[in-house]
Amino acid sequence: MTPTINSKLPNVGTTIFTVMSGLATEFNAVNLGQGFPDFPMSHELTGLVDKAMKDNFNQYAPMPGWMPLREAIAEKANFLYGASVNPDTEITITPGGTYAIYSAFTAILRPGDEVIVFEPAYDSYIPNIEINGAVAMRIPLVYPDYHIDWEAVKKAINPKTKAIIINSPHNPTGSVIGEKDIEALRAVTAGTGIFIISDEVYEHLIFDAIPHQSMLRYPDLLERSFVCFSFGKVYNCTGWKLGYCIAPAPLMKEFRKVHQFNCFSCFTPSQVALASFLKNREAYLGLSSFMQSKRDAFSQLMQATRFDLLVSHGSYFICAKYNRISDEADKDFAIRLTKEAGVATIPVSAFYQDSKDDKVLRFCFSKNQDTLERAVEKLVHL
């Protein structure tokens, strides 16, 4: 008799990203769906990885990560945010930001705990919560600018509330939190045992001269936070799956208990290379203006279409309404757009557990100019 699995995630299927990218390949569509650049990463950085391998940095790195890299991260956190972070006890290198978020949840959650999640939400959050036996308390961001309704947050908090997950700049909408959000977050967590999981993988993709409100700026918030970052988003190497988490030593101690029996350690040559490359501050300081120019170029091109773009202040993404083109459900429209027009996008309803449909699609503008132009050439005919 073949044993059967009583699934811990019975409501989870194949992600929309896999579905839409598969359709993009099948129909040879321009893929503005999944969030990855189609332009090359730094040749200097790839050269440093090559050098690390040739210099025989090919064995296991220490479980928390290559110490020179952790030291470089601590220096960067101090330079950008004035944070004093101990590289030995408060930084762990991880195989991507998503892994860091999962490990943070797994370190703190027990069955019956509740986590406040803002929707539309990155698709890993709720499964991460549920696989740990906890419950996602979903609060919708306020459409169309996708800001947080802090009154709803206050009403949702109760003795079971274990954590709040914040994502800024936000995927999929490109919204960002401001100082008023920080004050509201401070007000609802002060005097509680609530943790903050801060997904900051797009920290350097923030536009319009808006400062990034990292939890690292605020010691009273940092003391209850796991702050998660991604090298892949910063250096256009998403396939490396390399990131890190910063948290106070008592929190990081528990985080590492999960990490050491899961990944244990990450790809050593990339860590060695990044330890050197992080000294080049311009490589990350210049990313905001570079990606903003991509957003602006795409926005200009899209004026020739019947899509209506929403505001994006950060990330790889910008959302658009299509009500002047179709009244179809967003998933149906996205599939038809891929098959018939040859442009792949992501329906924003996929980021809601109840598939809330505001007739909005997400576009990734982190592409070469010719890729964006080819896509819009197809969209103008709709």
Test set (1) at pLDDT below 95; (2) in contact with an Asp or Glu (Cβ under 6 Å, 6 or more places away or on another chain) - ALA249 fails condition number
(1)
Among (1) within 25 Å of PRO172 (Cβ to Cβ); (2) surrounded by 20 or more Cβ atoms within 10 Å (Cβ to Cβ), GLN292 falls short only on (2)
Checking GLU223, GLU254, GLU203 in turn, the sole residue that is among the charged types (D, E, K, R) and buried (at least 24 other Cβ atoms within 10 Å of the Cβ) turns out to be GLU203
For residues in region 357-368 being touching a Lys or Arg at 6+ places or on another chain (Cβ under 8 Å) and of a type outside the set (Asp, Glu), which is nearest to SER288 (Cα to Cα)?
SER366
Subset of region 80-133 [touching a Leu at 6+ places or on another chain (Cβ under 8 Å), outside any strand (DSSP E or B) and of a type in the set (D, E, K, R)]:
GLU130
Would you say PRO10 is at pLDDT below 95, surrounded by 15 or more Cβ atoms within 10 Å (Cβ to Cβ) and not assigned by TED's automatic domain parsing to the domain that holds ALA121?
no
Which numbered condition trips up THR94, out of (1) free of Cβ contacts under 8 Å to residues at least 40 places away in the same chain; (2) touching a Phe, Trp or Tyr at 6+ places or on another chain (Cβ under 8 Å)?
(1)
When the residues of region 93-119 are narrowed to those that are of a type in the set (Val, Ile, Thr) and over 27 Å from TYR235 (Cα atoms), which ends up surrounded by the most Cβ atoms within 10 Å (Cβ to Cβ)?
VAL115
Among residues of region 174-195, those that are in contact with a Ser or Thr (Cβ under 7 Å, 6 or more places away or on another chain) and among the β-branched types (Val, Ile, Thr), counted
3
Among SER312, SER326, the single one that is surrounded by 15 or more Cβ atoms within 10 Å (Cβ to Cβ), under 21 Å from HIS147 (Cβ atoms) and among the polar types (S, T, N, Q) is SER312
Out of ILE177, ILE131, ILE148, which single residue is under 15 Å from the mean Cα position of the chain (by Cα) and either modelled with pLDDT of 95 or more or crowded, with 18+ Cβ neighbours inside 10 Å (or both)?
ILE177
Look at region 13-24 and say how many of its residues are surrounded by 14 or more Cβ atoms within 10 Å (Cβ to Cβ) and in a helix (DSSP H, G or I).
7
Checking the condition within 30 Å of PHE351 (Cβ to Cβ) and under 22 Å from the mean Cα position of the chain (by Cα), which residue from LEU23, LEU69, LEU80 passes?
LEU80
Could you go through region 40-47 and let me know if any residue there is crowded, with 19+ Cβ neighbours inside 10 Å, closer than 30 Å to THR371 by Cα and in contact with a Leu (Cβ under 8 Å, 6 or more places away or on another chain).
yes
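Being touching a residue at least 12 places away in the same chain (Cβ under 8 Å) and part of a helix (DSSP H, G or I): is that true of SER366 here? Step through it out loud before you land on a result.
Numbers: touching a residue at least 12 places away in the same chain (Cβ under 8 Å): yes; part of a helix (DSSP H, G or I): no.
For SER366, the condition - touching a residue at least 12 places away in the same chain (Cβ under 8 Å) and part of a helix (DSSP H, G or I) - is not met.
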The condition of being at pLDDT 95 or above, touching a helix residue (DSSP H, G or I) at 6+ places or on another chain (Cβ under 8 Å) and not in a helix (DSSP H, G or I) holds, among ASP208, ASP220, only for ASP208
Go through (1) under 19 Å from LEU251 (Cβ atoms); (2) among the charged types (D, E, K, R); (3) at pLDDT below 95 one by one and return the number of the condition ASP38 breaks.
(1)
Take the conditions assigned by TED's automatic domain parsing to the domain that holds CYS364, in contact with a helix residue (DSSP H, G or I) (Cβ under 6 Å, 6 or more places away or on another chain), free of Cβ contacts under 8 Å to residues at least 60 places away in the same chain and of a type outside the set (Gly, Ala, Ser) and apply them to ASP330. Does it pass?
yes
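The values are calculated or read from the model by the stated rules, or taken from the named source; none is laboratory data. For clarity, every value in this text was computed on a predicted model and none was experimentally measured. Backbone-built Cβ (ideal geometry, glycine too); neighbour counts: all protein chains shown.
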